[in-house]
Amino acid sequence: SQQGEEDPQALSIQEGENATMNCSYKTSINNLQWYRQNSGRGLVHLILIRSNEREKHSGRLRVTLDTSKKSSSLLITASRAADTASYFCATDGASGGSYIPTFGRGTSLIVHP
Amino acid sequence: NAGVTQTPKFQVLKTGQSMTLQCAQDMNHNSMYWYRQDPGMGLRLIYYSASEGTTDKGEVPNGYNVSRLNKREFSLRLESAAPSQTSVYFCASSDPGQGNSPLHFGNGTRLTVT
């Protein structure tokens, strides 16, 4: 079963606007990662945030993590048509053992030029 | 540096046929994974290999077998394909020993079972 669930399922915006996607999860985590998938391609890692971090930036990406609410958000600022893709969050359990990232169903983002 | 390479890219099978999906990584990663991706379902883990010589079931292992041939290669076998196995299959690798490093994905194998 999916550990993380993204919201919204689909998002359509104009170029230049900001895009915000949310991820909720159920159990404790060591870290949370965001990935991007262009149509017909594999997933590409964007950013990892550890459970003891609250915010992280990478270029136009900003990720926040609220472990008390078991949620994370991905903000893409000043979006471009090239940002059109599906975005997935992935969590790993904090109970030790093997490293097994679990993915949500994803948010499909369309950025209109 | 090719990363994760999957073959074939596309495959059509008839019900009951068998095939093996190949995956190789050149990043010296210890862990390798097989996921399937279906519309509206996200990625679901089929099998994983935490290190060379070990394999374990994931969320949806039924109908599949895997082999960790060596540190580089991790294959997925469908012994008797069923239409429910029509999906896009992704192989990934990571090196958790380096602080839970991210997954590196191949570009997928698109399988249709008729």
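No lab work stands behind these numbers, since they all come straight from the coordinates. What you are looking at is a predicted structure, and each value in this text was computed from that prediction instead of being measured. No Cβ is skipped: glycine too gets one built from the backbone with ideal geometry, and neighbour counts run over all protein chains shown.
Residue by residue, segment B:54-59 carries 3J(HN,Hα) couplings of 10, 9, 9, 6, x, 6 Hz when phi is fed to the Karplus relation 6.51 cos²θ - 1.76 cosθ + 1.60 (θ = phi - 60°); x denotes Gly or Pro. Put a dot 7 Å past the Cα of B:Ala2, heading toward its Cβ, do the same for A:Leu75, and the two dots end up 4.2 nm apart. The distance linking segment B:6-54 with segment A:37-65 is 24 Å (Cα centroid to Cα centroid, whole angstrom).
Per residue, how much space in cubic angstrom lies within the convex hull of the C-alpha atoms of chain A?
Hull volume normalised by residue count: 97 Å³.
Calculate the FRET efficiency for A:Ser28 and A:Asp7 from the Cβ-Cβ distance with a Förster distance of 30 Å, rounded to the nearest 0.05.
On the way: r = 20 Å, r/R0 = 0.68.
With a Förster radius of 30 Å, E is 0.90.
For the protein assembly as shown, the calculated P(r), taken from all Cα-Cα distances in 10 Å bins from zero up to the bin holding the longest distance, is 8, 33, 35, 19, 4, 0 percent. Of all DSSP-defined beta bridges confined to chain B, some 90% are antiparallel rather than parallel.
What number, in percent, do you get for the relative contact order of chain B if the mean sequence gap of Cα pairs under 8 Å and at least 6 apart is divided by its residue count? Relative CO of chain B lands at 35 percent.
Rounded to the nearest 20 debye, what is the charge dipole size of chain A about its Cα centre when +1 sits on each Lys and Arg Cβ and -1 on each Asp and Glu Cβ?
Details: 12 positive and 10 negative charges, 38 e Å.
In debye, rounded to 20, chain A gives about 180.
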